[in-house]
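Just passing along the structure, written as structure tokens.
The values are calculated or read from the model by the stated rules, or taken from the named source; none is laboratory data. This is a predicted model, so every value here is computed, not measured. Note that each Cβ is placed from the backbone with ideal geometry, even for glycine, and that neighbours are counted across all protein chains shown. Quick note on the areas: whole protein, heavy atoms, side chains included, nothing else; ligands and nucleic acids left out. Shrake-Rupley method; radii C 1.70, N 1.55, O 1.52, S 1.80 Å.
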Amino acid sequence: MRLPKQQELKQAQQITNSLPKATRRKATEASREARSICGGGCACQTTEWFGHNTTFSSKSVLQDLFQDWLRVNNASFSAVLQDSPDPPLGINRGVGVFLQNSVPAPVADDSTLAFVPWELAISRSSVYKLALDADKAFSALRKCLLSIARDPNCFDLLDNSSDDESRLTERLTVLVFLTWQILNIDSLRNTPAAFWQPYIEILPRKFYTPLFLQNEAEKILLKGTGLVGPVTAKLKKLRAEFETLKPHLSLFANEVIENVHFDTWLWADAIFWSRALSFASAVDHTDPVDKDNLRGDDLHLVPLVDFCNHTDGEPTARWHLTHEGIEIRSTSQTSTLKPGSELLFSYGPKSNSELYFIHGFCLPDNKHENVAFPAPILEESLLQNAEGIQASKLETIVDFKRMLILSFGMKPIVEITNHSDPHLPENIGSIFTLDSFIVMIIAVLGEEEGFELENFGNEDDPDLAFVWGDEVITDALALLKHTMESPRYDAILHKIWLNLQKIIRERLDDLRTDEILNVTSDTLHLNILRKSCLELLSRVDNNLIEKLQSF
């Protein structure tokens, strides 16, 4: 499908301002109604959003405005936005994309169901292009980006891999843009800077990820899920970013720094990670689009496309890059895709922990469920009672083991899965992935198994290597082969099972102790996560009891 060449952003804004009279009338009436009768439970009202009062139209009006905005800017679609029900959970999954009832059945395989031109996607390049616009509506954005680039305290936030090293990273640029839009959502109306406002206003205002848990009673319920550490680290990173950028972001709030709130930054980050599409991955693996079309950017927010919800079953649609823009296409599983059906993507084989951390939802019967924990490196547990030379030696081994794992292209993380890995014997593959088993081997190997470090360099310039017997181990498969052929293979397995059992039982204690008594919309998916973790860990614990009895 080839559509007319896109206009420049400013011209597109003029088109947006000339929406059909009926649509403009609906928005005006909704706004007038909000100002006159808000507060009595009406759908349209003035609400406090990120520290300031903002007037919003009803959801249905916002959806109409958004879809009209798409049309006048040369998007085309055979789909509509509407609430996505989830009857088994008794909740609403938010807004989804549904095939219009007027679409004739059957839907052919690989049909183009929607098209969004490149110019409507939000990326670092599009944000910096806006900042260069001479119109005064963009002056605050321009000043903020320049101010950040000149601040020595912000140098670590700049993208050193970019051709222009004065630019922020892709993520931070989009977060600054979203913050600018939110803090000025009323004052930017009817200016060229409001081009993306129909999209901004329809984005979710509330998230259910663990980063948004409000009280300590809810946060305690993360224990046992493996998310306490990641959530703590993420919040710490976000707060540090925000405090560094806060003086610059205050340019969006008339330089009143108290009017810039962390909640805005937290919301912008959640929007980005839950919706951004990686165009580079599509270029590398599926879509025959010139890399020049990426225009230097990988991560993009794509209006309409990013409203498609996830399924861990067979997806009914996928996104696809073309030279003109981004399409939603039907997949080969179109026997279930009928007029009125929801268009569902696959976000990939994600566990409930990952889905909850990034998107704020979990699947009750997630076939990709796993539980992850840091590699239990043997020497790390011995460090707490070591001193002097012995402590220094143990630290060296711990650091080396971590580097060895990374050099094998793996993370120092162990995952317990809900499915078997065909690359391993059944008694091992029913618990671990291949990578996780190799990580566990490295974690538990000690001198009694023949593990030693040898320095092929000197004291000032060490060149450490992992030596097992007479062989220098340089790759993961060599390590696996050496392990399984070792006369101490059973002893190594025994150590792995004992370490794993200790970790699992600590997790199970946490999961069994803190039960959710009153399930709310804020904790519903956390409860699903806890239940799925409990079931998986209980199964593996029973499996380990049998394994250890055989020794």
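From the Cα gyration tensor of the stretch 431-501, with a ≥ b ≥ c the square roots of its eigenvalues, which class applies: rounded if a/c is under 1.5, or else prolate if a/b is larger than b/c, or else oblate? Kindly include the intermediate steps, with their values, before the conclusion.
Details: a/c = 1.99, a/b = 1.93, b/c = 1.03.
Here the stretch 431-501 falls in the prolate category.
Probe radius 1.4 Å, ligands and nucleic acids left out: which of His525, His494 has the largest accessible area, and how do the rest follow?
Numbers: His525 20, His494 60 Å².
Ranked from most to least accessible, the order is His494, His525.
Can you pick out the pairs among Lys143/Lys234; Lys350/Lys411; Lys236/Lys502; Lys481/Lys547; Lys411/Lys481; Lys367/Lys531 whose Cα atoms lie more than 25 Å from each other?
Details: Lys143/Lys234 28 Å; Lys350/Lys411 17 Å; Lys236/Lys502 29 Å; Lys481/Lys547 22 Å; Lys411/Lys481 20 Å; Lys367/Lys531 14 Å.
Over 25 Å Cα-Cα: Lys143/Lys234; Lys236/Lys502.
Also: Can you order the peptides 338-347, 384-393 by their average number of other Cβ atoms within 10 Å per residue, highest first?
Details: 338-347: 18.4, 384-393: 10.3.
Ranked from most to least packed, the peptides come out as 338-347, 384-393.
Which order do Glu415, Glu449 take by accessible area at a 1.4 Å probe, largest first? It would help to have the intermediate numbers written out before the result.
Working: Glu415 65, Glu449 10 Å².
From most exposed to least exposed: Glu415, Glu449.
So the label point goes 7 Å from the Cα of Asp490 along Cα→C-beta, right? Which residues of the stretch 405-447 then have their backbone N under 17 Å from it?
Of the residues in the stretch 405-447, 427-428 have backbone N under 17 Å from the label point off Asp490.
So, taking all protein chains as they sit and a 1.4 Å probe, how much accessible area belongs to Ser76, in Å² rounded to tens?
40 Å²
Got a number for carbon plus sulfur as a percent of the stretch 328-377's accessible area, 1.4 Å probe? Each step should come with its number before you reach the end.
Details: 1060 of 1890 Å².
Answer for the stretch 328-377 is 56 percent, counting heavy atoms of protein chains only.
Same structure, new question: Specify the inter-centroid distance of the stretch 199-236 and the stretch 357-413, based on alpha-carbon positions, in whole Å.
23 Å
Follow-up question, since we're still on this one. Please list Asp186, Asp421 in order of solvent-accessible area, largest first, computed with a 1.4 Å probe with all protein chains present.
Highest to lowest solvent-accessible surface, that is Asp186, Asp421.
Roughly speaking, what % of Cα-Cα pairs in the stretch 197-285 are separated by over 19 Å, rounded to a whole number? Intermediate results must be reported in sequence, preceding the final value.
Numbers: 2176 of 3916 pairs.
So the pairs more than 19 Å apart make up 56 percent of the total in the stretch 197-285.
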